[in-house]
Amino acid sequence: MSAAVPLRVEGICKRFGGLQALKDVSFVAPAGKITGLVGQNGAGKTTLINVITRQLAPDAGEVFAGPRRITRLAAHQVAGAGLARTFQQLRLFANMTCLENVLLGLPKGRGESLAACLFTPGRVARQEAEHRAAARTILEAFGLGDRADASAAGLSYGLQKLLSLARLAAARAEIVLIDEPTSGLSGEAVERVASAVAHFRNEGKTVLLVEHDMDVLFALSDHVVVLDQGQVLCQGTPAEIRTNNEVREIYLGKGHVA
Ligand SMILES: Nc1ncnc2c1ncn2[C@@H]1O[C@H](COP(=O)(O)OP(=O)(O)OP(=O)(O)O)[C@@H](O)[C@H]1O
Ligand SMILES: [Mg+2]
């Protein structure tokens, strides 16, 4: 396993027309830890993930993966810099099997080069077999081993969420960004997804977790950043954030903070 790297966000600003969605957002997500990102609907959480992974260009500010500045990379180069994400709308390949969905998450292999297929077919076939074995191991780690050949569309929503996390694990990124993994779930499905998120930290990954369920977020996070209307309101340990008066004012009465 390569060494974990911190994710550093410095002075990020992003405007959509008249709306300042992110304003001077700065924080560090420490290496090998889970950083929880909280905020009400529309606070800018997904926009920040989109900026970090370069689906959106910031108007100002920088993003660093360890020592490497990634702000100028194109979206397709971000995976090469060791970042991978999930989406709020899962974006699974519904008509493919679970195994195929995870295979598509793996870093690109030689089998995708026509020249490699023509001139080193044995090596390509060997690599294909290795990839399938790796994908099965990942599915097993996420409790989906018995669903490898089932279509993604046929899974319950909870299992689809687990599959999106399995596909994320396949990318073997050092920094993972996970957007609302438990939304729409309840009961045991929440627990399964929460332990799947913890799995990334256990593997030494740096995790940025967006999560509405405060119990889940506080239980999983080592560090918490609160976004309010596009700005960092405060950050600290879960215990500090739980007792922070400004946070309580925003969330109390809405049943968010116990
Ligand atoms: N592509 C876009 N064009 C215009 N406005 C956008 C765009 N993406 C997001 N916004 C706006 O920016 C603000 C922040 O949105 P964002 O999706 O980042 O919030 P969020 O914190 O992820 O909310 P939620 O908890 O509902 O997922 C919202 O007001 C949203 O309507
Ligand atoms: Mg969002």
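Counted as qualifying within the range 29-148 are the helices (runs of 4 or more DSSP H) with 3 or more residues that are surrounded by 15 or more Cβ atoms within 10 Å (Cβ to Cβ), namely 45-52, 98-105, 121-141.
Residues in the range 141-176 that are of a type in the set (D, E, K, R) and farther than 19 Å from Gly204 by Cα: Asp146, Arg147, Asp149, Lys161. The condition of being away from ligand 2 (no atom under 13 Å from the Cβ), touching a Phe, Trp or Tyr at 6+ places or on another chain (Cβ under 9 Å) and within 20 Å of Phe200 (Cα to Cα) holds for only one of Leu92, Leu7, Leu37, that being Leu7.
Being surrounded by fewer than 17 Cβ atoms within 10 Å (Cβ to Cβ) and either touching a strand residue (DSSP E or B) at 6+ places or on another chain (Cβ under 9 Å) or modelled with pLDDT under 95 (or both) is true of Ser183.
Results for (1) in contact with an Asp or Glu (Cβ under 6 Å, 6 or more places away or on another chain); (2) within 14 Å of Val38 (Cβ to Cβ); (3) within 16 Å of ligand 2 (Cβ to nearest atom), shown as yes or no for each residue.
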| site | (1), (2), (3) |
| --- | --- |
| Leu165 | no, no, no |
| Ala170 | no, no, no |
| Ser183 | no, yes, yes |
| Glu191 | no, no, no |
| Glu211 | no, yes, yes |
| Leu217 | yes, yes, yes |
| Ser221 | no, yes, no |
| Ile241 | no, yes, no |
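Picking from residues in the range 40-56 that are touching a helix residue (DSSP H, G or I) at 6+ places or on another chain (Cβ under 8 Å) and more than 22 Å from Val5 (Cα to Cα), the one that is farthest from ligand 2 (Cβ to nearest atom) is Leu56.
Scanning the range 27-59 for residues that are away from ligand 1 (no atom under 16 Å from the Cβ) and farther than 17 Å from Leu217 by Cα yields Val28, Ala31. A residue that is within 21 Å of Val176 (Cβ to Cβ), of a type in the set (Asp, Glu) and free of Cβ contacts under 8 Å to residues at least 24 places away in the same chain can be found somewhere in the range 136-155. Would it be correct to say that Ser151 is surrounded by fewer than 19 Cβ atoms within 10 Å (Cβ to Cβ), touching a strand residue (DSSP E or B) at 6+ places or on another chain (Cβ under 9 Å), at pLDDT 95 or above and on the phi < 0 side of the Ramachandran plot? It is true that Ser151 is surrounded by fewer than 19 Cβ atoms within 10 Å (Cβ to Cβ), touching a strand residue (DSSP E or B) at 6+ places or on another chain (Cβ under 9 Å), at pLDDT 95 or above and on the phi < 0 side of the Ramachandran plot.
You will find that of Ala115, Ala60, Ala75, Ala29, the residue that is away from ligand 2 (no atom under 14 Å from the Cβ), in contact with a Cys (Cβ under 7 Å, 6 or more places away or on another chain) and farther than 23 Å from Ala134 by Cβ is Ala60 and no other.
The values are calculated or read from the model by the stated rules, or taken from the named source; none is laboratory data. Everything numeric in this text was worked out from a predicted model, so none of it was measured. Here Cβ is always computed from backbone atoms with ideal geometry, including for glycine, and neighbour counts include all displayed protein chains.
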